[in-house]
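Structure record follows, encoded as C-alpha cells.
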Amino acid sequence: MAPSHIGGEDVEENAMSLFRSALALDPYDYRAAHNLGVLLADAGRNDAAIDWLVSAVSIDPGYVRGWRSL
C-alpha cells in the first residue's frame with residue numbers, strides 16, 4: 001500500500017520521529033541531528049531547528065553542511 005501523503009506532513013513527522021530515535025540510540029549522530037534540524041526548519045519550527053543544527057556542529061565542528069544550514 002502506498003503512503004497517503006508523499007511529501008506531506010505525515011511523512012515529515014515520521015522522518016522526525018526516526019531521527020529522534022536514532023539520536024536516542026546514538027546522541028553523537030551529527031547527521032541525524034542535522035537532518036532533524038532541517039526537517040524542523042522546513043516545518044517552520046525554527047527555534048527547535050536551530051537547537052538541533054547547533055547540536056550537529058557542536059558534535060562535529062568540521063561538518064560544513066551543518067554550518068551552511070545555520
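The values are calculated or read from the model by the stated rules, or taken from the named source; none is laboratory data. What you see is a predicted model, and the numbers here were worked out from it, not measured in a lab. Positions of Cβ are backbone-derived with ideal geometry, glycine not excepted, and every protein chain shown enters the neighbour counts. For the accessible areas, the whole protein counts, side chains as well, though only heavy atoms, and no ligand, DNA or RNA atoms are used. Shrake-Rupley method; radii C 1.70, N 1.55, O 1.52, S 1.80 Å.
Structural remarks
- Segment Val54-Ala22, extension gain: residue separation times 0.36 nm, minus the distance between their alpha carbons: 9.8 nm
- Percent carbon-and-sulfur accessible area, the chain, ignoring ligands, DNA and RNA, probe 1.4 Å: 55 percent
- Principal semi-axes in Å for the chain [√(5λ), Cα gyration tensor, largest first]: 22, 14, 9
- 1.4 Å probe accessible area per residue over the chain, in Å²: 69 Å²
- Taking the longest Cα principal axis of the chain as reference, the axis of helix 46-59 is set at about 50 degrees.
- Tilt relative to the chain, helix 30-42 - C-alpha long axis, 0 to 90 degrees, to 10: 60 degrees
- Note on Asp10 and Ala43: their simple-model spin labels are 1.6 nm apart, each label 7 Å out from Cα toward Cβ.
- In this structure the amide hydrogen of Asp29, modeled in the peptide plane, comes within under 5 Å of no amide hydrogen from residues 5 or more places off or on another chain.
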